[in-house]
Each structure stands twice: as C-alpha cells, then as structure tokens.
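This report refers to the structure that appears directly beneath it.
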Amino acid sequence: MSEDLCELGVIGLTGLGQSLAAHHASERIRVCIGDEDPTFVPQVIMEYKSQIGDDEEEPPPRASRCMLPSNNMAEFVSRLSRPRKIIVFGTHGDEHKFEDVWHKLAAVLGEGDMVWRWGNEDEEKRSDIQFYNDSTVGNLSKMEAQPKGIHLLEMVKLERDRTFTFESRGEAPDVFMVGGPLEAYEQLEPFIAPCALIGHVGNDAACAHFAHMIQRTIENGITQAFAEGQDIFTKAAGFENQDIGRTMKKWTEEGSRLCGYLLTISHRVYYKRDGISKKGFVIDQIVDSILFNQVDTWVTLEATKLGIPAPTVNAMLEARFFSAMKDERVEASSILQVPELTDTPSVMKDQIATDLKDALYCTFMCVCAECFAIFQAASDVESWDANFQECTRLWNQPGSILESKLLEVINTSLGSTQEELKNLLLVPNVVREMAEMHMAWRRIVALSFASAIPCPTLSSALTYYDTYRARRMPTGAIRAQRDYFDASGYDRLDQDGWFTTCWTKEHTKEMRKKEAAMEREEGGDTPKKRRRKKSIDPESYDEVEVDENEAAV
C-alpha cells in the first residue's frame, strides 16, 4: 500500500495547478489531485494521459499512472505519504475560500504535514500589498497549525515591468517571496522550483508580507530621491529635459553605481515628447500631485511603534502629502518669497551633475538602511529570522523596479558579514563608499537649501547618516531643561546614580524648605526621614552635597 502513496498533493486545478501536477507526474513522481468540483478531476486525469501517452515498455511507475484522483478531502489526504506535502492553488485574493480548504485539511492532517498556499497566478493582475498582521496564513498558522505541529507556508508575488512580463511570458518564471517554517520550505522547494523563482525570507507567512511592505517603501524612497534630483538639475543647474536625460544616459553607459532599472527608464522619460499637445515633453504636462495610498503609511507606523528612527522614509511620505496639497502650494508660492536668482550660489553644471550622482547613491543607501533596520526590529519582536540577503536577491531580478547595482552591493555586503547586522551603514564596503561620497552629498544639500529647492529625502537621509554616527547628541540639554522645570533628574557620564540639580537660588531655598518641613513633621534624623528626603532630593541618593553658590549660577 505504501508504494502506491503519492509524494505530492495538489488542490485547486487551476491552469497552473494542472501544469505543476502534470510536470511532476511526467517525471514519474506520484501526485494526487483534488478540486472543489470533484467532477472536474477525472477530466484533468484524462487530458493528462492523452498528452503523456501510455508506454507499456516504460518501467514502473509509468508516468501515465502517476497522477491519481481524489473525490474528497479525506481520500485526498489518505493517498499522501507522510509527512504530507500539499500545494493549494486558486485561493489568492479569496481568504474565505482558503480558510474553507484549510479547515477541511486540518481535520485530517497531523504533525509534520505541510500546506503551501500558492500566490497570485494571474500575470495580468497586480499583487496587492497586504498588511502583515492581516495575513490569513500567518494567523491560521499561529492559532491552529502550530499547536498541531502542521507547517503552513505562503508565497507573495513580486511585480515586474509590464514589457518584461509580456515578452518573457512562458520563459521567465514569476518571482515569489515565501514565508513559513524553513524545514518545510526545504522539503517543498524542489516541487515549486520548476514553476516559480522563489526564496525563503522568514519563518512565518507574515514575514513575507512585511518584506513586501519594505520593498514598496524602498521603491517609494528611491523614486522620490530621483524626482528631487531632477528638480535640482532644473532649478540649480538650469538643465532642460534633454540635458537631464542625456546625463542619466551617460551615468548608465559609464556603469555608475546608480545603474539599474529606474535610472534606465528615467533617462527615457525625460526624452519623451508629448504626442497629445504636440509641444514639449510629456513630463511637463503631468500634474505634480500624487494621492498617497494607506499602504504607504504602514512602514512609518511600524517604525514608530518599534522605536526605530526613519527620517528618510518619513520625509518621502511627507513629500507625498505635500504633493497632494497642489492648490494650497500654488497659493503659498505667490505669498512666500524665495531668494532671487542673483542671491543663489553659482556652481558649474558638471560639478552639480557629478555631486548629485553621489548624493543620490548615498540617499538610496540610507533608504535601504532605514528599511532594513525597521525590518530587523520587527523580525526580532516576531521571531521571524528574516533573511535580508534573500530579499535583495529576489528584489533584484530582471524586470523588477528595484533591479540595480545598489542591490547587488547590498546583497554582497549582507553575504560577506558573519556577524549579526546592526545597520547596513556599518558594513565595511558601505562604510568606505559613504566616506568617499559624503562631501558631494553635503554640497548638493547645501546648494538646494541656499537655492530654496526642497529636497526632503536627500536632506533627511544626510541627517540620518550624521545622527546615526554622532558619538554624542545634544539630548543632555533637553534633560537639563526638564530637570530645571520639575526636578525630574538625570543620570551622569562620570558616575552611577540618579541626580538632580538646584539650578538657581530659588531651587535651593525650595529644597531647604522641604527639608525643614520634613524635620518638623518627623523630628530627628530617622531612617524614615532619610527615605523621605531622598524622594524629594534625588542628589541625596549618592550623598551629593548641594553647593548653594554653584546652584545659583
């Protein structure tokens, strides 16, 4: 009986589900198939046999007999060898349908069994980003699968350029990030690989959705920085559209650090003439306003919740908020004055182009550093064991909007470090690159500020870089002000303990009055009195004497 058991189970006989089942059956791997419509199963078996033929001289198991039917879920599961490996098709975007399939499976599955939910199968349909905590597979895994020892996995499809998708149809497989237990992924990966390019990004389905959120945020940050670069080219260097396109094309041809999909399409965008008005360029006719999507706020909210600084990500989002205020910006522009042209710095165009190239790269790196820091914090909290190197490999596939030399550098950097990564900026080769380019970056930000050109992501990224490397921040002044106001206290660099300062004579008098009041109330220097004194005068924790003359300064 065990010889007749199937190695793989396929539920949901969509076109892709049939193809995957047929592929493995033709390789003489026993596959059991099932569908919500049991009458459809025999038709699929018959079509498969008609295509594969039946060679009587073929040694067993014959390929024509390696696809087996099932009429219901119990029969389906009984035909699978342990641990059972099941792939579910046709449920993407229909959470109730998957839940129904899962509950039928869960009733008959046992410890060690694996269920893999296939992602978006429609090449024409965009994959919507799902908030990680709303992942059906992630929630079912925590609440129902894990207690039974069942492994649940989910794959999230990555978008690719529409032309690439059309021209490579049937040749280049779709790219998916997979979240779920690693041991289950390793057993199922050989069955998935013939039909998709996949990578394991974390040990929970929610991790794959979080990775998708991070990818979207990096895209938004880099595209915003490119847009700011164009603004600097136009307003500070006086470039025309053709000049911008020509410069970006040159960067591509010389193999600069910025090379990638976005740089390539950017220079084409600036060359494209307007076919509607027959005047000028398309880009000059596009309204400079973009409605932000609620999805774009998710990573910023998670950063705040986790306590991770993300000034560049926040600046990118705020730039979108400003863009939506089109009418208000137009009105303000006629009221709020900007420097006259004669008051702005004069810089060589070639120097601006050279510096801007480095400034953009540094900004892109900071966008990635912030996003990975947020991802790492979430991974630590959720125990995802997120694989950033695998994320960058998948994001850098041909046709991806993030395909670039930048991701190659990051992927290599992540692979070269053996220690746990605290921040992408601390990777040795990234340290060297930033040290080489940061002065050009500063010149561009300074030029933009002096020329009244907004550059929120470029400047916020520089702030992130400088703040992250600051040995000492001016936060002590904030704490001193607060202690002055309400004696909230502070800790010191030179010794342990908790301290407060009498900053003025009035503070000293107030303290003496409180001490005198306690003495009158308690009488004598009792332990109880000393405890109460400490609650009022934190300096007495360490028996620090108050110098009234110094306090009066």
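Every read-out reported here was derived from the displayed coordinates using simple, explicitly stated rules and does not represent laboratory data. Remember, it's a predicted structure, so these values are computed and weren't measured experimentally. No Cβ is skipped: glycine too gets one built from the backbone with ideal geometry, and neighbour counts run over all protein chains shown.
Quick one: which of Lys104/Lys157; Lys157/Lys249; Lys357/Lys405; Lys326/Lys357 span more than 23 angstrom between C-alpha atoms? Beyond 23 Å: Lys104/Lys157; Lys157/Lys249; Lys326/Lys357. Take the Cα of Glu506, step 7 Å toward its Cβ, do the same at Ser81, and the gap between the two points is 8.5 nm. All alpha carbon pair distances within region 376-452 were sorted into 10 Å bins beginning at 0; the resulting P(r) in whole percents reads 16, 35, 32, 16, 2. In this Cβ point-charge picture (+1 for Lys and Arg, -1 for Asp and Glu), the chain has a dipole of about 1160 debye about its Cα centre. Nearest 0.05, what FRET efficiency do Asp161 and Asp494 give at R0 = 60 Å with Cβ-Cβ as r? Working from the Cβ atoms, E equals 0.55.
Here region 143-257 carries DSSP beta bridges of which approximately 45% are antiparallel, counting only pairs with both residues inside. The loop-placed GluC sites (Glu not before Pro) in region 306-382, going by DSSP, that have at most 11 neighbouring Cβ atoms within 10 Å of their Cβ come out as Glu340. Note on Ala480 and Ala450: their simple-model spin labels are 3.2 nm apart, each label 7 Å out from Cα toward Cβ. Given H placed 1.01 Å from N in the peptide plane, which residues other than close sequence neighbours of Leu8 have an amide H under 5 Å from its amide H? Residues meeting the criterion, in which the H sits 1.01 Å from N, are Cys32. Per residue, the convex hull around the alpha carbon atoms of region 2-202 comes to 122 Å³. In debye, nearest 20, what is the charge dipole magnitude of region 12-83 about its Cα centre with +1 on Lys and Arg Cβ and -1 on Asp and Glu Cβ, if you could check? Dipole of region 12-83, to the nearest 20 debye: 300 debye. Sorted from longest to shortest, the spans of the Cα atoms of region 213-408 along the three principal axes equal 55, 42, 37 Å. Ordering Ile308, Ile276 by the number of other Cβ atoms within 10 Å of each residue's own Cβ, fewest first, gives Ile276, Ile308.
Listed values for region 86-99 are Karplus-derived 3J(HN,Hα) couplings in whole Hz (6.51 cos²θ - 1.76 cosθ + 1.60, θ = phi - 60°), namely 10, 10, 10, 10, x, 10, 4, x, 10, 5, 5, 5, 5, 4, and x replaces Gly and Pro. Extending 7 Å from the Cα toward the beta-carbon at both Lys142 and Ala332 defines two label points whose distance is 3.9 nm. Note on the chain: dipole from Cβ charges, positive end direction compared against Ala206, Met248, Ser64; the farthest Cα belongs to Met248. Divide the volume of the convex hull around the Cα atoms of the chain by the residue count and you get 254 Å³ per residue.
Computed over all pairs of different Cα atoms, the Kirkwood value for the hydrodynamic radius of region 340-477 is 16.8 Å.
Using the Cβ-Cβ distance between Thr354 and Ala227 with R0 = 22 Å, the FRET efficiency computed as 1/(1 + (r/R0)^6) comes to roughly 0.65.
Using only side-chain charges placed at the Cβ, +1 for Lys and Arg and -1 for Asp and Glu, the dipole size of region 213-408 relative to its Cα centre rounds to 720 debye.
Ordering Cys6, Ser277, Gln294 by the projection of their Cα atoms onto the charge dipole of the chain, which places +1 on the Cβ of Lys and Arg and -1 on the Cβ of Asp and Glu, puts Ser277 at the extreme positive end.
Within the chain, Cys66, Cys195, Cys207, Cys259, Cys362, Cys366, Cys368, Cys371, Cys391, Cys455, Cys502 have no other Cys Cβ under 4.7 Å of their Cβ and so lack a disulfide-compatible partner by this rule.
Is region 257-359 best put as rounded, prolate or oblate by its Cα gyration tensor, with a ≥ b ≥ c the root eigenvalues, rounded for a/c under 1.5, and otherwise prolate when a/b is larger than b/c, oblate when not? Cα axes put region 257-359 in the rounded bin. Compared with the direct C-alpha span, the chain from Leu421 to Gln294 gains 42.7 nm at full extension, assuming 0.36 nm per residue. For region 141-222, applying the loop criterion from DSSP together with a ceiling of 14 other beta carbons within 10 Å to the GluC sites (Glu not before Pro) yields Glu171. The alpha carbons of region 475-515 give a radius of gyration and a Dmax of 10.9, 31 Å, in that order.
A Förster radius of 22 Å, combined with the Cβ-Cβ distance separating Arg432 from Glu254, puts the computed FRET efficiency at roughly 0.65.
Of the beta bridges in the chain, as assigned by DSSP with both residues counted there, near 25 percent are antiparallel. Stretched out straight at 0.36 nm per residue, the stretch from Ile265 to Met439 would grow longer than its current Cα-Cα span by 59.9 nm.
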